[in-house]
1. Out of the residues in region 193-209 that are charged (D, E, K, R) and surrounded by fewer than 15 Cβ atoms within 10 Å (Cβ to Cβ), which is nearest to residue 165 (Cα to Cα)?
2. If you go through region 69-85, how many residues are touching a residue at least 24 places away in the same chain (Cβ under 8 Å), hydrophobic (A, V, I, L, M, F, W, C) and either part of a strand (DSSP E or B) or not assigned by TED's automatic domain parsing to the domain that holds residue 26 (or both)?
3. If residue 133 passes every condition in (1) within 22 Å of the chain's Cα centre (by Cα); (2) assigned to a helix (DSSP H, G or I); (3) at pLDDT 90 or above; (4) within 28 Å of residue 80 (Cα to Cα) but one, which one does it miss?
4. Filter region 169-182 for residues that are touching a Phe, Trp or Tyr at 6+ places or on another chain (Cβ under 9 Å) and not polar (S, T, N, Q); which is farthest from residue 54 (Cα to Cα)?
5. Taking the condition of being under 21 Å from the mean Cα position of the chain (by Cα) and over 26 Å from residue 59 (Cα atoms), how many residues in region 107-130 meet it?
Amino acid sequence: MWCLKLKLMHKDCHIGALCKKYSISTFAFPLGGGSGIYKKNNQTVVAGIHLMSGEEKNKKLFLNKLKKDKAIQKLEINGNRFSYLLKLSKKNEQAQLYYTPKLIFLKPVINSADGFEYWEIAAWDKKALIEFMKKIKKHMDYFEVMKLGKENLADVFFPQIMPKLSEKQIKSLKLAFKRGYYKYPKKTDLHKLAKENNVSAPTFQEHLKKAEIKLINSIIEQII
């Protein structure tokens, strides 16, 4: 299968601009199948769900600003997730408009705190990816092909929307990952992580274990 990774930026992207302004990242999943694009009352809208990553105060500022965006027709917030209906105009043309059933999302679209979008898609036919690139390039302020080549489908990870984790579980999991707790051999231990997180070792271990169980259960359910 042919795989493509793109780094994109268009200044009129609502989500991307806010991610850069408030130093957060979102991981976007289309809703309703395909790219999430459909017609409503002769208006093109995109439906999606985003998982946010960043400082809590910045996420609140981001969401408050998003609520005031007139292009957002519907917005539902649930912890670190938000889902929306975004009305598209000629000014905020998005890459989703050029998605076709020939393409497959390999990973969620990343709206990064650096202001760029990162897309990873695939197709059985290289021509479908080339056509996709040609169509979106003219609408982008920045366009970079980071990868284009064949990959074994067995090596591609198809993500699911992350199960609901508490703020403490997310914080513990991110710290453990960042400090190398999941590397082999381990780069740190529970006592050091707990101290950095200003909690007792048993408390930190409890948050981490609950997060791990939710994630593992979610993954296992997809493969059995």
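1. 209
2. The number of residues fulfilling the criteria is 3.
3. (4)
4. My answer is 176.
5. 4
Residue-by-condition table, conditions (1) in contact with a Cys (Cβ under 8 Å, 6 or more places away or on another chain); (2) at pLDDT below 90; (3) closer than 24 Å to residue 114 by Cα:
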{"site": "11", "(1), (2), (3)": "no, yes, yes"}
{"site": "16", "(1), (2), (3)": "no, yes, yes"}
{"site": "29", "(1), (2), (3)": "no, yes, yes"}
{"site": "39", "(1), (2), (3)": "no, yes, no"}
{"site": "53", "(1), (2), (3)": "no, yes, yes"}
{"site": "61", "(1), (2), (3)": "no, no, yes"}
{"site": "78", "(1), (2), (3)": "no, yes, no"}
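The values are calculated or read from the model by the stated rules, or taken from the named source; none is laboratory data. Everything numeric in this text was worked out from a predicted model, so none of it was measured. With ideal geometry, Cβ positions are generated from the backbone for all residues, glycine too; neighbour counts draw on all protein chains shown.
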